[in-house]
Amino acid sequence: MSFGFLRAAFFIVLLTAGSAAFAHSTATGIVKERMESMKAIGKATKSIVAMMQGKQDYDPTAISAAAASIKEHGGEGLLAKFPKDSLDPPSEALPAIWQDWVTFKTLNEDLRREAALLETVAANGPEGFGTVVTYTDDRAQPAGPVATRLLKTCKSCHDKFREED
Ligand code: HEC
């Protein structure tokens, strides 16, 4: 288990403990829909992280299912939940999303790809977390182990495109 995994994992724990639960309860429309997608992604990620940290026994079926959930809640469907300038409260989305749509879209695609990869390599056991794939098209982040890239994608996108709690 590398130190990088743990640091990224720690970030996720913080991420799920913030004000999101309260904000979420007053949201409506498309903002509510995307918060719900993100919440589902958060929940799936939390279970993956628990296994990365060894707090839960490694369960390839559960990892695969969690990764599939991230994949399904992400991708084109998630992008469609960010129509231009949809910033109704209590959204924590930043206008930068539409000013730098290409980066936002690329990070979203990174998330979908890493989740899809994790879904398939989960069967290889914990070492599957270290699977590295080099992409030939431009990606938002450098190559690295699938688990690290998956978690870094959350952070990269939130740092740039989401208000801090
Ligand atoms: C492409 C950009 C992007 C990626 C990648 C991304 N997020 Fe988000 N996330 C956002 C934005 C933007 C918001 C704020 C949405 C809003 O409030 O309207 C958000 C909100 C959230 C929330 C709060 C939901 C709520 O109920 O308010 C959680 C939890 C979350 N993300 C978890 C994750 C996790 C875990 C990952 C990685 C596995 C991830 N996100 C990847 C952009 C992203």
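Residues of segment 67-97 with the amide nitrogen closer than 12 Å to a label point 7 Å from the Cα of I30, along Cα-to-Cβ, please.
What the label zone holds, given the 12 Å backbone N cut-off, is 78-88.
Tell me which lysines have Cα within less than 26 Å of K55's Cα, excluding those fewer than 8 residues away on the same chain?
K39, K43, K46, K71, K152, K155
Please give the per residue accessible area of the chain, computed with a probe of 1.4 Å over protein heavy atoms only, in Å².
On a per-residue basis, 53 Å².
Taking all protein chains in place and a 1.4 Å probe, what share, in percent, of the accessible surface of segment 108-164 do carbon and sulfur account for?
Values: 1450 of 2790 Å².
Ligands and nucleic acids excluded, carbon and sulfur reach 52 percent.
Straight distance only, please: which aspartates and glutamates reach the Cα of K84 with their own Cα at less than 19 Å, same-chain residues fewer than 8 apart left out?
E33, E36, E76, E92, D100, E109, E163
Please calculate the 1.4 Å probe accessible area of T61, with all protein chains present, and give it to the nearest 10 Å².
Approximately 100 Å² of T61 is accessible to the 1.4 Å probe.
Averaged over every viewing direction, what's the projected area of the C-alpha convex hull for segment 3-161? Give it in nm², one decimal, please. Mind showing how you got there, number by number?
Details: hull surface 35.2 nm².
That works out to 8.8 nm².
On a 1.4 Å probe surface of the protein chains, which of E164, E36, E76 comes out largest in accessible area, and what is the full order?
Details: E164 175, E36 85, E76 135 Å².
Ranked list, largest accessible area first: E164, E76, E36.
The values are calculated or read from the model by the stated rules, or taken from the named source; none is laboratory data. From a predicted model like this one, the values you see are computed outputs, not experimental measurements. Heads up, the Cβs are rebuilt from the backbone with ideal geometry, glycines too, and the neighbour counts pull from every protein chain shown. These area figures cover heavy atoms from the full protein model, side chains too; ligands, DNA and RNA do not enter into them. Shrake-Rupley method; radii C 1.70, N 1.55, O 1.52, S 1.80 Å.
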